[in-house]
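**Q** The structure that follows is given in the form of structure tokens.
The values are calculated or read from the model by the stated rules, or taken from the named source; none is laboratory data. Just so it is clear, the model here is predicted, and its values are computed rather than measured. In this analysis, Cβ positions are derived from the backbone assuming ideal geometry, glycine residues included, and neighbour counts consider all displayed protein chains. In case anyone asks, the SASA skips ligands and DNA or RNA and just uses the protein heavy atoms, side chains included. Shrake-Rupley method; radii C 1.70, N 1.55, O 1.52, S 1.80 Å.
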Amino acid sequence: MTIGSEILTDLRYPMSVSALWEKYNTRQNAADNIHRITFDWFSLALAALYAMKAVDVSDDGYIRTAHVHQ
């Protein structure tokens with residue numbers, strides 16, 4: 001999986017960036033991944049998801065998946 005898709009998988013409800021990072025990082029630790037993703041790569045992936053309008057920020061400052069309008 002790519003970083004972005006893993007972030008979207010973890011983002012089942014609105015959460016803070018730090019809570020999302022903790023969830024992602026905990027999953028990485030459990031998988032014993034030798035190619036660990038650092039916070040800077042995580043934040044770049046999150047910024048890319050925002051640029052693609054896959055996520056947005058709620059009024060209270062939490063990251064959430066974006067609603068797709070057709």
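**Q** For the chain, what is the relative contact order in percent, using Cα pairs closer than 8 Å and at least 6 residues apart in sequence?
**A** 42
**Q** Hey, another quick one. Working with all protein chains in place, sort Tyr24, Tyr62 by solvent-accessible area computed with a 1.4 Å probe, largest first.
**A** Values: Tyr24 5, Tyr62 95 Å².
From most accessible down to least: Tyr62, Tyr24.
**Q** Just to be sure I understand: with springs between alpha-carbon atoms less than 10 Å apart, which residue in Ala48, Ala30, Ala19 has the highest mean-square fluctuation in the Gaussian network model of the chain?
**A** Of the options given, Ala30 has the highest mean-square fluctuation.
**Q** When only the heavy atoms of the protein chains count and the probe is 1.4 Å, how do Arg64, Arg36 rank by accessible area, highest first?
**A** Per-residue accessible area, sorted high to low, gives Arg36, Arg64.
**Q** About the Cα centre of the stretch 2-70, what is the dipole size in debye to 20, counting +1 per Lys and Arg Cβ and -1 per Asp and Glu Cβ, all else neutral?
**A** 140
**Q** Just add up the charged neighbours of Ala45: K/R +1, D/E -1, any other residue whose Cβ is under 12 Å from the Cβ of Ala45. If you can, show how the numbers build up before the last one.
**A** Numbers: positive: none; negative: Glu6, Asp10, Asp40.
Here the charged neighbours net out to -3.
**Q** Near Leu8, within a Cβ-to-Cβ distance under 15 Å, what is the net charge of the other residues, with Lys and Arg +1 and Asp and Glu -1?
**A** +2
**Q** Taking the 0 to 90 degree range and rounding to the nearest ten, how far is the long axis of helix 17-31 tilted relative to the main principal axis of the chain, both from C-alpha atoms?
**A** Result, in degrees: 40.
**Q** Now a separate question. Rounded, prolate or oblate: pick one for the chain, where a ≥ b ≥ c are the square roots of the eigenvalues of its C-alpha gyration tensor, a/c under 1.5 means rounded, and failing that, prolate if a/b is larger than b/c, else oblate. Can you show the working numbers first?
**A** Values: a/c = 2.05, a/b = 1.71, b/c = 1.19.
Because a/c hits 1.5 or more and a/b exceeds b/c, the chain counts as prolate.
**Q** Please compute the net charge surrounding Ser58, taking Lys and Arg as +1 and Asp and Glu as -1 over other residues with Cβ under 15 Å from its Cβ. Can you show the working numbers first?
**A** On the way: positive: Arg12, Lys53, Arg64; negative: Asp56, Asp59, Asp60.
Combined, the nearby Lys, Arg, Asp and Glu give 0.
**Q** Sort Ser58, Ser18 from largest to smallest accessible area, using a 1.4 Å probe on the heavy atoms of the protein chains. Intermediate results must be reported in sequence, preceding the final value.
**A** Details: Ser58 15, Ser18 80 Å².
I get Ser18, Ser58, largest accessible area first.
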